[in-house]
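The values are calculated or read from the model by the stated rules, or taken from the named source; none is laboratory data. As the structure is a prediction and not an experimental result, all values here were calculated from the model. Cβ sites come from the backbone with ideal geometry, for glycine too, and all protein chains shown count toward neighbours.
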Amino acid sequence: MSLLPGLSLSAPSTTTPQPDAAAHAPPRTEELPPRSELRFEVAFAKSYRIRLVRGTAELFGSELAPSTTYTFSGTKGAVFTWHGCTLELQGEVESEYVGSETEAMVEWLNVHGMLETARDDAGIGRESNGGPRVLIVGPDDSGKTSLLKCLTAWSLKMGRTPTVVNMDPREGLLSIPGSLTAVTMGSMLDVEDGWGSSPVSGPTGVPVKTPLVYHFPFVSPEDNTRMFKPLITRAALAVTSRLEEDEEAKQSGIIIDTPGSINQPKGNYELLMHIISEFSINVVLTLNSERLYNDMLRKFANPKSIDEVVHVFRILKSGGAVARDEGLMRQARQQQIKDYFFGDSRTSLNPHGQWWDFGDLTIYKAVDASASQSQLSFMPGMDYDDDSTSGQGSATVLEKATPSQGMVNAIMSVKFCSGSSSLDNIRDSCVMGFVYVAEVDDARKKVRFLAPHPSRWGDRALVWGNWPEGVGDLVA
């Protein structure tokens, strides 16, 4: 394996699919009747190729080009056809079958039509606040992201430029896990990658998307509401400002994906209501939870004004939505991180190694606010609650850190602010990029980073946390 520039370390073992008997077996043909879908699950290090021979088909709303081979690895997907098609298939899969229970796709398309009507109304001035602002909610593994992709892809076909927001730190959207992302989509989605590529990903046949990324290094928003809520507020301000500058994007509206953990009745949906308030949501789509649907109906049953009207809909769960075990999710997170630095099977990237002196770094550790609260609750005279430290909230979730061996294999965000900025500013600042801690030399008081760009980042603040977990074999 070739050495990485300036790092003196070998590239990691790639998860490029390995040759196997199924991969070399002759292609087979599958006929899909109208309104059916081919559902498949492919393991990591395996490959599965699909080619559209006849008819039309789409994967999560993105159309497959005729006679083009698409390769999938480490994923679960479904190729749907409205009018019937013929597919050529090759490779090894864990599961593959043709599903006929696709009523959800018809309902999802009707939702798309409803949103298009709202966009048209915004275009002729009937809606002063712009296009629909949609929030997708429901339990984990209920198909929320699949619905998000379909609604986004279909709106792009109509010439819209919707703004997509991901609030689930467990999965990265045009970024790595541990991120909250907002991006205005102006070009088609990538069939193989799902969303496409950001500028850091190198050359691509699909136009790149430029996301706005915030760092939230926790598994769930409920793990640190003190950090999550200000980031939601900051993201909402940024998105609103972006839409006010672009009439086309404003008319296209917003679609937001959420993690299942905040869709539980615990805490009276506090975080969910915060998102709805900050983004001025006017459409809530609920999947696979009758209780959540009815709770949302009750909460928005009596709006005080027309601007506060929120339409709540109960949407069918896709028959192809399946549960994802933690082992698969962990592999997916590690693969996203590896792809960020080294590229995927189609695009090879060359990260750069950089040595930094301890004294030139300003590092902050994102700490668990609940742990801080637990410690403070035992201090004499302390009555600790979320509102008792106004103006000092970031002090409970960020603390200055000295380079140590505990940082090895960790991911850190490089913020768009100086290390001498206030804690509030560091917490709320968006991300310039991510770096990987390859080595900490205590004797020489130096840290070796793996960075996607050769330029040094000056005095910018670095933030690290326990999520996503370290990738020990990123460099070998």
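List every residue pair whose Cβ atoms lie under 6 Å apart, where the two residues are 6 or more positions apart in sequence or sit on different chains, the first residue falls within segment 287-313 and is touching a residue at least 24 places away in the same chain (Cβ under 8 Å) and over 19 Å from M114 (Cα atoms), and the second residue, located anywhere, is of a type in the set (A, V, I, L, M, F, W, C) and not in a loop (DSSP other than H, G, I, E, B).
Within 6 Å, the pairs are M296/V284; M296/V312.
Out of segment 63-77, which residues are surrounded by 20 or more Cβ atoms within 10 Å (Cβ to Cβ) and part of a strand (DSSP E or B)?
F72, G77
Could you check H83 against (1) in a loop (DSSP other than H, G, I, E, B); (2) under 20 Å from A323 (Cβ atoms) and say which number it fails?
(2)
Being in contact with a Phe, Trp or Tyr (Cβ under 9 Å, 6 or more places away or on another chain), farther than 30 Å from A45 by Cβ and at pLDDT 95 or above narrows it down to one residue among L147, L135; which is it?
Exactly one residue qualifies, and that residue is L135.
Among the residues of segment 381-400, is any small (G, A, S), at positive phi and either at pLDDT 85 or above or not in a loop (DSSP other than H, G, I, E, B) (or both)?
no
Inspect all residues belonging to segment 174-190 and state whether any of them is more than 30 Å from T29 (Cα to Cα) and of a type in the set (D, E).
no
How many residues, within segment 92-141, are on the phi > 0 side of the Ramachandran plot and buried (at least 18 other Cβ atoms within 10 Å of the Cβ)?
Looking only at that region, the number is 2.
Cβ-Cβ distance below 7 Å, separation of 6 or more or different chains: which pairs start in segment 116-143 with a residue that is under 30 Å from R170 (Cα atoms) and of a type in the set (A, V, I, L, M) and end on one that is buried (at least 16 other Cβ atoms within 10 Å of the Cβ) and modelled with pLDDT under 90?
Cβ pairs passing all conditions: V137/N263.
Let's see how each residue does on (1) out of contact with any strand residue (DSSP E or B) (no Cβ under 9 Å at 6 or more places or on another chain); (2) charged (D, E, K, R):
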residue: R54; (1), (2): no, yes
residue: T69; (1), (2): no, no
residue: K76; (1), (2): no, yes
residue: L89; (1), (2): no, no
residue: E92; (1), (2): no, yes
residue: S100; (1), (2): no, no
residue: L109; (1), (2): yes, no
residue: G125; (1), (2): yes, no
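Which condition number does N294 fail, the rest of (1) surrounded by 15 or more Cβ atoms within 10 Å (Cβ to Cβ); (2) modelled with pLDDT of 95 or more; (3) part of a helix (DSSP H, G or I) being met?
(1)
Select from segment 31-59 the residues that are within 17 Å of E101 (Cβ to Cβ) and assigned to a loop (DSSP other than H, G, I, E, B) and list them in ascending order.
Result: P33, P34, R35.
Somewhere in segment 417-434, is a residue among the β-branched types (V, I, T), at pLDDT 90 or above and assigned by TED's automatic domain parsing to the domain that holds Q334?
Taking every residue of segment 417-434 in turn, at least one turns out to be among the β-branched types (V, I, T), at pLDDT 90 or above and assigned by TED's automatic domain parsing to the domain that holds Q334.
Residues that are within 17 Å of L173 (Cα to Cα) and at pLDDT 95 or above: list the helices (runs of 4 or more DSSP H) wholly contained in segment 188-281 that include at least 3 such residues.
Because the criterion is at least 3 residues that are within 17 Å of L173 (Cα to Cα) and at pLDDT 95 or above, the helices (runs of 4 or more DSSP H) in segment 188-281 that meet it are 225-245.
I'd like to verify a number: residues in segment 259-270 that are surrounded by fewer than 22 Cβ atoms within 10 Å (Cβ to Cβ) and either in contact with a Pro (Cβ under 8 Å, 6 or more places away or on another chain) or on the phi < 0 side of the Ramachandran plot (or both), how many?
7
Determine which member of the set S146, S100 is among the hydroxyl-bearing types (S, T, Y) and more than 25 Å from K209 (Cα to Cα).
S100 is the lone residue from the list that is among the hydroxyl-bearing types (S, T, Y) and more than 25 Å from K209 (Cα to Cα).
Considering only residues that are over 19 Å from the mean Cα position of the chain (by Cα) and either surrounded by fewer than 18 Cβ atoms within 10 Å (Cβ to Cβ) or over 20 Å from E107 (Cα atoms) (or both), which ones fall in segment 275-291?
S277, E278, S280, I281, E290, R291
Between residues in segment 64-91 that are in contact (Cβ under 8 Å) with a residue 24 or more places away in the chain and residues that are assigned to a strand (DSSP E or B) and among the hydroxyl-bearing types (S, T, Y), which pairs lie under 7 Å by C-beta distance while being six or more apart or on different chains?
L64/Y70; F72/Y48; T81/S36; T86/T29; E88/T29; G91/Y48
If I filter segment 144-152 for residues that are over 12 Å from the mean Cα position of the chain (by Cα) and assigned to a loop (DSSP other than H, G, I, E, B), do I get at least one hit?
The answer is no, given that none of the residues of segment 144-152 is over 12 Å from the mean Cα position of the chain (by Cα) and assigned to a loop (DSSP other than H, G, I, E, B).
From the list R444, R456, which residue is of a type outside the set (A, V, I, L, M), farther than 21 Å from L180 by Cβ, in contact (Cβ under 8 Å) with a residue 60 or more places away in the chain and part of a loop (DSSP other than H, G, I, E, B)?
Being of a type outside the set (A, V, I, L, M), farther than 21 Å from L180 by Cβ, in contact (Cβ under 8 Å) with a residue 60 or more places away in the chain and part of a loop (DSSP other than H, G, I, E, B) holds for just one of R444, R456, which is R456.
So that you can scan it fast, the table gives a plain yes or no per residue for (1) more than 18 Å from A332 (Cα to Cα); (2) of a type in the set (A, V, I, L, M); (3) at pLDDT below 95:
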| site | (1), (2), (3) |
| --- | --- |
| A45 | no, yes, yes |
| A57 | yes, yes, no |
| T75 | no, no, yes |
| G84 | yes, no, no |
| E101 | yes, no, yes |
